Each structure stands twice: as structure tokens, then as C-alpha cells.
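Notes to accompany the following structure.
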């Protein structure tokens, strides 16, 4: 059947550049993917990069960076990291609110577009699944990025370990009303409010503010999501480590 065929496709190309595993998971009763295959995401956005800004902002009424800036209005940070920075839309929106801005993304073509905008102090080609705790940031942004990650335990643990005292994590996710994590036909993950609260509390954030918002349009229909601000981390001594204790499932 179809599942067996997609299983064979994944076996033939373990990097899953064509996203066969995602198609397989869409027909399972319980999706098993914990994140989009890195090779699939990289290939998708390498192809999309040249038209990304126009497609998102003009055609899909993409609003994530502006929603995050609105939620953080009037505030300023020293060092900031833009996770999954893409072409640099969030970087443009936040540049005047930070002293120093880094961005990372899996797609070299997207990073080239971001570099051309001239708003980042540093850009790195990085898979979010391989991030290691080292540098510290006052603000970590993830605008429309966690929709490509199913399980958020590891990335939120990394964020908690990479923020300075008093630091802020700000991100958007698509809203799922029931199940903790759902893989949609769009091949993007949606997350429930309860799951977001759970993983952020487990990562050590004491203050979490979740606001409902329309993130963009898809085929003429609004895509509902959450704008999430997480702060109030415990003192550094209480949260040392590299996040390895946080399960992905």
C-alpha cells in the first residue's frame, strides 16, 4: 500500500529530501515524525528563496514577525538570535530593537537573501536539531519556525539554556485545538496551548504569555496561531546543562 511505498522511499533516501516520510505520516492514525526531515526543508526553501518575501507577505498576508514585535513593543535588547531566520523578514522588523543580531537557517539560498538585507551582524547555516548551548542571548526569536518541528522539548530547552538572566523567548506556532502536536496536510505542525505551556514550564520558564492571532492566509482561509512570550527563567545555577535530559517524544 501507500505506507509501504513511502517506507521504501525513505529507506532509499534516509535524508528524505522529497518528504516521503511526511506523506506517510499524514495517513497514519498517529503521526510519528518529530520534525521535518532536514534535507526536505533545506531543498524546499532553497527553491523558494528568490520568491519567498513576495509570496509570504503579499500573497499569504504573513504577519508573524510583526505580531512578535507588537507583543514586545517598547522593549530593547542587547544580543538577539533569530532562529530559522529565512530571508531576514524578522531581522528587518527587530533590527532597531536590538544592539546585535545573529540569524541561523538551514537553507543557504535563504541566508543569501538575508545577507543582502544587511540587518544581521552574523549569519550561520545551521540545523536547529543540532544546536548546542554555548553563547548567551537576551532575546531569541522564532517567527513561523517551530511549525517545522513536531516535538518542541529539545529546542525550548536549548533556548532556556541560551538565554541570559531576564532573557526572552518569542515565537509563533499554528494552533491545534486538541492533540498536543498534529501534522497537517500542509506538512506543517500545529501545537496545542496546553502542550506549549507544558514544554515551556519544563524548560524552566516561569512566565508564559500566549496570545491568539491569525498568522497568515492559506487558500483564502485564515491560519490561527499563538504568539508566545516566555520569560522568568530560574538563576543560571539551577539550569545548567545541555538539554539532553529533555525527551523528544
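The values are calculated or read from the model by the stated rules, or taken from the named source; none is laboratory data. The structure presented is a predicted model; accordingly, all values stated were derived computationally and were not measured. Neighbour counts are summed over all protein chains in view; Cβ atoms, including those assigned to glycine, are modelled from backbone coordinates with ideal geometry.
Points to keep in mind about this one:
- Among the residues of region 94-111, those identified as assigned to a helix (DSSP H, G or I) and in contact with a strand residue (DSSP E or B) (Cβ under 9 Å, 6 or more places away or on another chain) are 94, 95, 97, 108, 111.
- From the list 128, 139, the one residue that fits, being buried (at least 16 other Cβ atoms within 10 Å of the Cβ), at pLDDT below 95, more than 18 Å from residue 51 (Cα to Cα) and under 15 Å from the mean Cα position of the chain (by Cα), is 128.
- Cβ-Cβ contacts under 6 Å between residues 6 or more apart (or on different chains), taken from a first residue in region 49-63 that is closer than 10 Å to residue 217 by Cα to a second residue that is modelled with pLDDT of 75 or more and part of a loop (DSSP other than H, G, I, E, B), are listed as 56/62.
- Candidate set: region 146-163, residues that are crowded, with 22+ Cβ neighbours inside 10 Å and part of a loop (DSSP other than H, G, I, E, B); chosen: the one modelled with the highest pLDDT: 152
- For the condition closer than 25 Å to residue 158 by Cβ and modelled with pLDDT under 80, residue 27 does not qualify.
- Among the residues of region 185-198, those that are touching a residue at least 24 places away in the same chain (Cβ under 8 Å), in a loop (DSSP other than H, G, I, E, B) and surrounded by 15 or more Cβ atoms within 10 Å (Cβ to Cβ) comprise 187, 188.
- Some residue of region 93-103 being modelled with pLDDT under 95 and under 29 Å from residue 182 (Cβ atoms): no
- Just one of the listed residues (118, 84, 78) is in contact with a strand residue (DSSP E or B) (Cβ under 8 Å, 6 or more places away or on another chain) and over 13 Å from residue 171 (Cβ atoms), namely 78.
- For region 90-106, the tally of residues that are over 14 Å from the mean Cα position of the chain (by Cα) and touching a residue at least 12 places away in the same chain (Cβ under 8 Å) stands at 11.
- Residue that is modelled with the lowest pLDDT [pool: residues in region 169-215 that are over 19 Å from residue 229 (Cβ atoms) and touching a helix residue (DSSP H, G or I) at 6+ places or on another chain (Cβ under 6 Å)]: 187
- Any chance residue 166 is at pLDDT below 95, in a strand (DSSP E or B), more than 25 Å from residue 192 (Cα to Cα) and out of contact with any strand residue (DSSP E or B) (no Cβ under 7 Å at 6 or more places or on another chain): yes
- The lone exception for residue 201 - which of (1) more than 26 Å from residue 53 (Cβ to Cβ); (2) touching a strand residue (DSSP E or B) at 6+ places or on another chain (Cβ under 8 Å); (3) surrounded by 17 or more Cβ atoms within 10 Å (Cβ to Cβ) it fails: (3)
- Exactly one residue out of 214, 209 is over 17 Å from residue 62 (Cα atoms), surrounded by fewer than 21 Cβ atoms within 10 Å (Cβ to Cβ) and touching a strand residue (DSSP E or B) at 6+ places or on another chain (Cβ under 9 Å), and it is 209.
- Residue check for residue 90: more than 20 Å from residue 211 (Cβ to Cβ) and in a helix (DSSP H, G or I): no
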